[in-house]
Structure formats: structure tokens, C-alpha cells
Amino acid sequence: MTEIQGLKQYDIDVRGINIHVAEAGEGPMVLFVHGFPESWYSWRHQLAAVSNAGYRAVAIDVRGYGSSYAPKAIDEYRLVHLAGDCVGVVETLGEDTSLIVGHDWGSPIASAAASFRPDIFKGIALLSVPYTPRGDSRPSEFFKSLGGEEEFYIEYFQEPGRAEKEISQNPAKWLEGFYFTASGDAPEVTGDEGSMGFVSPGGELKDRFKFPEISLPWLTSDDLDFYTEQFEKSGFTGPLNRYRCVDLDWKDLRMHHEAPLIQPSLFIGGEKDGPTIWGAGSISRFSFTLPNLFNSVILPDVGHWIQQEDPDSTNSLLLDFFQTFNFGPVSYTHLRAHETEADLVCR
């Protein structure tokens with residue numbers, strides 16, 4: 001496991017539920033929210049760089065992950081609850097305001113939190129999944145329309161127990177295949193192979209997984225072991241229940257129908273990232289949906305795991321964005337070209 005200088009990990013009581021927190025540094029708060037199937041640990045490079053630059057960098061385990069609260073009921077994983085957890089973390093840690101950064105499912109969680117409480121979340125950075133306000137189509141109907149004879153992976157995840165059964169056969173191998181196949185290092189799909197985002201009739205999601213031939217610099221065996229151990233604690237039902245709430249979210253967000261996010265914002269996508277590619281239409285609408293957009297950047301050759309595959313570019317873009325906020329005397333330092341990961345992260 002990567003060790004971060006000054007890292008503190010602990011559990012906090014957030015309005016009666018337990019949330020696991022990893023934090024480093026002092027200064028204005030930046031809250032990091034991970035996606036599926038990950039952990040606070042996916043922000044390890046950002047915790048190091050952002051805390052080094054003079055901020056209080058805080059990454060949580062979203063409910064259902066690690067040692068955080070993991071209710072059994074599906075509707076406990078709606079965006080309104082997850083956004084509420086973010087608000088509660090800021091308040092419980094004694095802060096009045098925070099910047100918020102989300103990746104994958106963390107992006108809509110962060111968007112919801114910023115939409116509900118602009119008084120707390122003064123700026124928002126979204127990775128991989130572009131901001132898409134509530135629209136006219138029920139999400140489950142839209143996802144069902146994508147696959148044709150096949151199933152889009154979000155539709156595949158809807159039936160409780162189905163994906164869990166697949167993953168339980170070999171969780172470590174499943175995670176490795178999921179991570180690698182969605183990354184920029186995976187070989188391009190050719191011929192009739194089919195995308196990992198779709199499941200053939202009677203098949204499983206892992207049928208189209210590919211696996212690395214060598215250890216990857218952004219996903220070492222130690223990194224994979226850490227993730228595997230986290231899911232041994234939590235299981236996968238809570239994380240998968242997030243997907244099972246998409247229609248509930250659509251009902252909850254009626255008052256925010258087609259609403260823009262008014263805060264200063266940043267988007268970082270990956271050239272080879274599925275959600276970024278599929279989200280091209282949403283990205284094209286940023287002038288309307290993110291009227292105070294600071295920057296929108298697509299990183300070349302990067303897949304889904306943006307902040308892990310290209311931490312230097314991600315850190316630089318985030319710090320450039322954070323510098324635009326007037327927090328008073330903040331020590332701001334760019335990641336210089338000659339600095340290596342070892343300067344920021346001690347193994």
C-alpha cells in the first residue's frame with residue numbers, strides 16, 4: 001500500500017452514520033469522492049499533491065465501501081443520501097465550505113451535493129463523467145435502449161444478486177479485469193469482440209475482460225491487493241445498489257430538472273474513457289449546464305481511471321483550478337516537471 005506523508009485515517013459519525021475518512025494537510029478543504037469499484041485510495045496521488053500545496057485534502061469511503069456505513073436497503077444509496085453524506089462530512093470536520101472533486105459515480109454525487117448546497121460547495125471538479133442535469137427520459141429506459149440485443153452494463157447491474165454472483169467467483173481477478181479493460185492501457189476492441197460495457201445474452205460482464213501481461217505503474221500488485229481487501233470488508237452489494245437507484249434519483253431531482261451548476265467548475269476526461277466518450281453530448285452543452293466552467297480537458301491516451309493513470313496532469317489541472325479561489329493565505333506550489341511521484345508519495 002502507498003503511504004502518504006501526514007495521512008490520517010479515521011471514522012466519523014455523520015448524522016448518525018459512520019463514514020471513513022482519509023486526510024492530509026491543512027488549509028482550505030477539498031473533498032474527494034470516488035466511484036465504482038474503488039475507495040478513498042483512488043485519490044492517493046491527489047491527497048499527496050493537494051495537501052503539499054497547502055490544502056486540507058479529504059477523501060472518503062462512500063457509503064457501502066470499506067468501513068463506511070453499508071445499509072442493506074437499495075434506496076439508501078440514492079444521490080440525495082450520498083450528497084447528504086458529503087455535506088455532513090464537511091460539517092462534522094468543522095468546516096463551513098469546501099471544494100469538491102468527484103470521479104465516476106463520485107461525479108454525480110459531487111454534482112448533487114453542489115446543486116443542493118452551493119453555500120457549502122464553492123467549486124466543483126468532475127472527472128470522467130460530465131455533468132448531465134436531469135432530463136426527460138427515465139434513466140432505466142435510456143440504458144435499456146443502448147444495448148439492442150445486448151445489455152448495457154448499468155442495466156446488467158439492476159437485478160440484485162446477479163452481478164454479485166459473477167464477482168464472487170473470483171473478486172480479485174474480476175477487479176483486475178475491470179480496472180485494466182477500462183483503462184487506457186487495454187488493447188483496442190477489434191472485429192466482433194464487443195465492448196466491455198455490454199453483456200451478450202446469457203453472458204457475464206467479465207466475458208470481455210482483458211488482463212495485463214505485466215504489472216502496471218498505476219495499478220501495482222500492492223494497489224490491487226488493497227482494493228481487494230477493501231471489498232472483502234464491504235462486499236459489492238452496497239456499491240452496486242448505487243446503480244439500482246437511478247430511477248429513484250430521477251424522481252428525487254424533479255426540482256433540479258435541466259438545472260445548471262452555478263459554481264466555478266472543471267471537467268477532466270480521458271481520451272479512451274467510456275463515460276467521457278459517451279458523454280460527448282453533455283460536454284457539448286457545458287456552456288449552458290456549467291456556465292462558470294474554468295476548463296474542460298480531455299487527457300490523451302488516458303482511460304477511465306484518470307487520477308490514477310495520469311496523476312501528474314490531473315494534479316496540475318486541479319491545482320490550477322483551486323488557485324482561482326480566494327481562500328486567503330494559501331501556499332500554492334505547482335508540480336514541477338522534474339518532481340517525481342516519490343517527492344510527493346513515500347512508499
- Item | Inter-label distance, nm, simple model (7 Å from Cα along the C-beta direction), Phe325/Ser284 | 3.2
- Taking region 160-236 as the region of interest, what is the percent of Cα-Cα pairs per 5 angstrom bin, listed from the shortest bin to the one with the maximum distance? 3, 14, 25, 23, 19, 11, 4, 0
- Query: At a Förster distance of 30 Å, what's the computed FRET efficiency of Glu149 paired with Phe211, Cβ-Cβ distance as r, to 0.05?
  - Reply: 0.70
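Report the calculated FRET efficiency for Arg15 and Asp312 (r = Cβ-Cβ distance, R0 = 30 Å), to the nearest 0.05.
That pair, Arg15 with Asp312, gives E of 0.20.
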- Item | Rel. contact order, % - alpha carbon contacts under 8 angstrom, at least six apart, region 144-265 | 31
- Item | Rule-of-thumb Rg ratio for region 18-90 [Cα; 2.2 N^0.38 Å; N residues] | 1.12
- Note on the structure: For region 1-143, the convex hull over Cα atoms projects on average to an area in nm² of 8.8
- In whole percent, the fraction of accessible protein surface over region 195-274 that belongs to carbon or sulfur atoms, probe radius 1.4 Å, stands at 53
- Over all pairs of different Cα atoms in region 82-207, the reciprocal of the mean inverse distance gives a Kirkwood radius in Å of 17.2
- Return the loop-located GluC sites (Glu not before Pro) in region 24-88 (DSSP other than H, G, I, E, B) with at most 13 other Cβ atoms within 10 Å of their own Cβ; answer none if there are none. Glu26
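What Kirkwood hydrodynamic radius do you get for region 203-259 when you take the inverse of the mean 1/r over all pairs of distinct Cα atoms, in Å?
15.0
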- Stretch Thr220-Thr132 to full length: gain in nm at 0.36 nm per residue minus the Cα-Cα span? 28.4 nm
- Residues other than Asp11 with Cβ under 15 Å of its Cβ, Lys/Arg counted +1 and Asp/Glu -1, net out at 0
- Distance-filtered residues of region 55-74 - backbone nitrogen under 16 Å, label point 7 angstrom along Lys233 Cα→Cβ: 59-71
- Item | GluC sites (Glu not before Pro) restricted to region 223-262 and DSSP loop, no more than 14 other C-beta within 10 Å | Glu258
- Task: Hey, can you find the accessible area per residue of the chain for me, probe 1.4 Å, expressed in square angstrom?
- Result: 42
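Would you calculate a helix-derived [θ] at 222 nm for the chain, using -39,500 (n - 2.57) for each DSSP H run of n ≥ 4 and dividing by the full residue count, to the nearest 500?
Numbers: 16 runs with 125 residues, N = 347.
Result for the chain: -9500 deg cm²/dmol, rounded to the nearest 500.
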- Taking a probe of 1.4 angstrom, what is the accessible area of His257 in Å², to the nearest 10? 70
- Distant alpha-carbon pairs in the chain (separation over 27 angstrom), percent: 42
- Within the set of other residues whose C-beta is less than 12 Å from the C-beta of Leu79, count the net charge using Lys and Arg as +1 and Asp and Glu as -1. -1
- Task: Calculate what fraction, in whole %, of the accessible area of region 66-190 sits on carbon and sulfur atoms when a 1.4 Å probe is rolled over the protein chains.
- Result: 49
- Pick out, in residue order, every one of the GluC sites (Glu not before Pro) in region 111-189 that is DSSP loop and has at most 13 other C-beta atoms within 10 Å; say none if there are none. Glu149, Glu188
- Task: Hey, could you get me the Stokes-Einstein D for region 125-190, Kirkwood radius over alpha-carbon pairs, 20 °C and 1.002 mPa s, rounded to whole µm² s⁻¹?
- Result: 147
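Percent relative contact order of the chain, based on C-alpha pairs within less than 8 angstrom and at least six residues apart?
It comes to 23 percent, rounded to a whole number.
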- Item | Mean separation of Cα contacts under 8 Å (6+ apart) over length of region 239-326, as relative contact order % | 31
- Message: Starting from the 7 Å offset along Cα-to-Cβ, what nm value, one decimal, do you get for the label separation of Arg254 and Leu93?
- Response: 3.5
- Note on the structure: Going residue by residue through region 81-96, the Karplus relation 6.51 cos²θ - 1.76 cosθ + 1.60 with θ = phi - 60° gives ³J(HN,Hα) values, rounded to whole Hz and with x marking Gly or Pro, of 6, 5, 5, x, 4, 4, 4, x, 5, 4, 5, 5, 7, x, 9, 8
- Task: Averaged over every viewing direction, what's the projected area of the C-alpha convex hull for region 95-161? Give it in nm², one decimal, please.
- Result: 6.2
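The values are calculated or read from the model by the stated rules, or taken from the named source; none is laboratory data. Keep in mind the model is a prediction, meaning the values are calculated, not measured. Because the Cβ atoms are built from the backbone with ideal geometry, glycine has one as well, and the counts that use them run over all protein chains shown. Surface areas here come from the heavy atoms of the whole protein model, side chains and all, with no ligands, DNA or RNA. Shrake-Rupley method; radii C 1.70, N 1.55, O 1.52, S 1.80 Å.
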